[in-house]
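Notes for the one structure printed next.
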Amino acid sequence: MKKLSLFLLFSLAVQPLYAIGIYKWIDDNGKETYGNNPPENVVKNQVTLPEITIIAGPKEYQETSNSELNSTVVTKEDASQQQEENVARIIEIISPKDDEAIRANDGNISIRFNIEPKLKEGESIVVYLDGKQQTISSSPTVKFESLDRGTHSLFAVRRDASGNATSNSKNIKFHVLRHFR
């Protein structure tokens with residue numbers, strides 16, 4: 001009974017930590033600021049954080065003894081397929097650079113990716129802008145039109161032909177500068 005009481009007391013003490021929100025406001029210097037404790041005298045907006053995509057790391061392989069290797073016959077096709085499966089799938093954002101400011105009065109931005117090895121038939125790139133899926137592409141270049149001015153976040157996920165995520169890029173932010181009308 002004592003353990004149950006301690007557990008309930010602990011649960012009640014920790015529960016408010018999950019209710020803490022993240023807020024966005026403009027500080028005294030005019031800079032956009034984020035945190036969970038905004039000053040009382042500012043206009044603050046609660047921020048909904050984007051869902052995070054996590055990709056599993058490379059497969060781990062069990063070592064085999066020499067006697068096991070000598071008794072196994074591996075065909076060229078098997079060796080080629082195994083070698084292909086062990087290749088790291090890379091996707092990285094080349095342009096824009098992280099924290100780059102881009103002057104685009106029309107809001108049109110081109111995103112360029114480095115993809116290694118190149119996408120095979122059926123593979124694709126899923127592009128997320130501001131935490132929301134925007135497009136699925138098989139090209140290393142994606143264009144966005146009429147983006148609002150301000151700060152945007154961007155990341156991409158590489159998917160195999162079955163739709164499984166094989167790698168993801170780093171999450172970057174960039175700033176669109178547009179003429180204010």
Testing Lys44 on (1) at pLDDT 70 or above; (2) under 30 Å from Ile125 (Cα atoms); (3) surrounded by 11 or more Cβ atoms within 10 Å (Cβ to Cβ), one condition comes back false. Which one is that? (2)
Enumeration of residues in the range 104-140 that are over 16 Å from Gly163 (Cα atoms), of a type in the set (D, E, K, R) and touching a residue at least 40 places away in the same chain (Cβ under 8 Å): Asp106, Asp130, Lys132
When the range 10-34 is checked residue by residue, the ones that are touching a Lys or Arg at 6+ places or on another chain (Cβ under 9 Å) and modelled with pLDDT of 80 or more are Tyr23, Lys24, Trp25, Glu32, Thr33
Within the range 161-181, which residues are surrounded by 15 or more Cβ atoms within 10 Å (Cβ to Cβ), touching a residue at least 60 places away in the same chain (Cβ under 8 Å), assigned to a loop (DSSP other than H, G, I, E, B) and of a type outside the set (Ser, Thr, Tyr)? Arg178
With the checklist (1) out of contact with any Leu (no Cβ under 9 Å at 6 or more places or on another chain); (2) assigned to a loop (DSSP other than H, G, I, E, B); (3) small (Gly, Ala, Ser) in hand, flag the one item Ser139 doesn't pass. (1)
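The values are calculated or read from the model by the stated rules, or taken from the named source; none is laboratory data. Since this is a predicted model, take the numbers as computed values, not measurements. Glycine gets a Cβ as well: all are built from the backbone with ideal geometry, and neighbour counts include every protein chain shown.
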